[in-house]
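Taken together, the values in this text are just the output of simple stated rules run on the coordinates, not laboratory data. Note that this is a predicted model, so its numbers are computed, not measured. Please note: Cβ atoms are built from the backbone with ideal geometry, for glycine as well, and neighbour counts cover all protein chains shown.
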């Protein structure tokens, strides 16, 4: 059984789905990375994007797009981050 992490407790308290809370959603959710539920976590996800291990390229592209959407939602400058677009 997966250990419930502090991130998962926060997600449940905010009543967000894993897809709304994480850029890189994994199963079980306790192994997910890059929470993007607020401005500071989105900035952190942008900073740590290239340090995160993704299971495949499709997951990396999906996480990148979710981070871009969250950054726009929180009005964060994305110009430098857009240079890291997965190829």
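Roughly how many nanometres apart are two label points built 7 Å out from the Cα toward the Cβ at residue 27 and residue 48?
Between residue 27 and residue 48, the label points sit 2.4 nm apart.
Arrange 76, 36 by Cβ neighbour counts within 10 Å, fewest through most, would you?
76, 36
For the Cα atoms of the chain, what angle does the longest principal axis make with the long axis of helix 39-48, in degrees from 0 to 90, nearest 10?
Taking Cα atoms only, the helix is inclined about 70 degrees.
By how many degrees, between 0 and 90 and to the nearest 10, does the Cα long axis of helix 57-73 differ from the longest principal axis of the chain?
Here the helix axis deviates by roughly 80 degrees.
Over the chain, calculate the relative contact order: mean separation of alpha carbon pairs under 8 Å at least 6 apart, over the residue count, as a percent.
The normalised contact order for the chain reaches 23 percent.
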